[in-house]
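Written below as structure tokens is the structure these notes are about.
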Amino acid sequence: MTDAIPAATLILLRDRAVGPPEILMVERSAAMAFAGGALVFPGGRIDPGDRALAWAMGDGDLAPRLAAIRETIEEAGIAVGVAGDIATMRAALNDGAAIGDLGPVDPSALTPYARWRPDHVPVRVFDTHFYVARLPDDAPAARVDATENVRTLWITAADALHSADCGKATLLFPTRRVLERLAQHEDVAAVLADARRWPVRTITPWIEERDGGRFVCIPGDLGYPVTAEPTDRAVRG
């Protein structure tokens, strides 16, 4: 199996007065080597500073959560589990500070949701931990970082899927499957309950011949309503 880059991503959700919850997504710059132009959840590589703080907190397994928190500050200007001025924290991270330099970090608001590790060469391979969390009540408006991403948006899972179906957005195969799972729920509480209901097992999609066609497939016992997509429609990086 191809070596994978450890990574983490955060699915931030907020309830609405009417209708299903909205999800924070960012649009990747078309110039990016990986997922250029795609709609994704804020996230990125787990870096040494994330690991260092995790061990300092007594639990190395916290590193992916800390990376997801840090990346969401960097990419969207929203902090979960960290108090302080967002602009100051973002500037410090951009200047090379580690997440531990920002002050106390509480990752308890992040609930494990999924772990995806595609193995599609020559696409860059990431081993990504997905987390879900409710948007903090005092969170500021999301602000794009204007480097890796060109737009932030709050959108329902169904609307994101519809945009992709209409050719107005690009969704990678794992993002589409996650959005289909999120679209089943009417509020943030239901999403969090779903996250606790299903085990988190690393998903590595595979190719199968079905009904005369080739499909990208995933396991059927992890809560995803759609577990196969024709290879000619699947976007894989």
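The values are calculated or read from the model by the stated rules, or taken from the named source; none is laboratory data. Computed from a predicted structure; not experimentally measured. Here the Cβ positions follow ideal geometry from the backbone for every residue, glycine too, while neighbour counts run over all protein chains shown.
Working only within segment 189-228, note down all residues that are under 19 Å from residue 115 (Cα atoms) and assigned to a strand (DSSP E or B). Break it down stepwise before answering.
Let us first name the residues in segment 189-228 that are under 19 Å from residue 115 (Cα atoms), namely 191-207, 216-228.
Scanning segment 189-228 gives 202, 203, 206, 207, 216, 217, 228.
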- prompt: Could you say which residue among 64, 107 is of a type outside the set (S, T, N, Q), in contact (Cβ under 8 Å) with a residue 40 or more places away in the chain and over 27 Å from residue 219 (Cα atoms)?
  reply: 107
- request: Taking residue 125 as the residue in question, decide whether it is crowded, with 17+ Cβ neighbours inside 10 Å and modelled with pLDDT under 95.
  value: yes
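Condition check ((1) at negative phi; (2) surrounded by fewer than 20 Cβ atoms within 10 Å (Cβ to Cβ); (3) hydrophobic (A, V, I, L, M, F, W, C)) across all residues:
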position: 66; (1), (2), (3): yes, no, yes
position: 86; (1), (2), (3): yes, yes, yes
position: 89; (1), (2), (3): yes, no, yes
position: 99; (1), (2), (3): yes, no, yes
position: 102; (1), (2), (3): yes, no, yes
position: 107; (1), (2), (3): yes, no, no
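Step by step: first the residues of segment 208-236, then only those that are among the hydroxyl-bearing types (Ser, Thr, Tyr) and within 30 Å of residue 190 (Cα to Cα), then the one that is surrounded by the fewest Cβ atoms within 10 Å (Cβ to Cβ). Which residue is that? Spell out how you get there, then give the answer.
Quick first cut of segment 208-236, residues among the hydroxyl-bearing types (Ser, Thr, Tyr) only: 224, 227, 231.
Filter once more, keeping what is within 30 Å of residue 190 (Cα to Cα): 224, 227.
Numbers: 224: 18, 227: 16.
Taking the candidates together, the pick is 227.
Can you confirm whether residue 202 is loosely packed, with under 14 Cβ neighbours inside 10 Å, more than 18 Å from residue 135 (Cα to Cα), touching a strand residue (DSSP E or B) at 6+ places or on another chain (Cβ under 8 Å) and in contact (Cβ under 8 Å) with a residue 24 or more places away in the chain? I'd like the intermediate steps shown before the answer.
On the way: loosely packed, with under 14 Cβ neighbours inside 10 Å: yes; more than 18 Å from residue 135 (Cα to Cα): yes; touching a strand residue (DSSP E or B) at 6+ places or on another chain (Cβ under 8 Å): yes; in contact (Cβ under 8 Å) with a residue 24 or more places away in the chain: yes.
So residue 202 passes the test.
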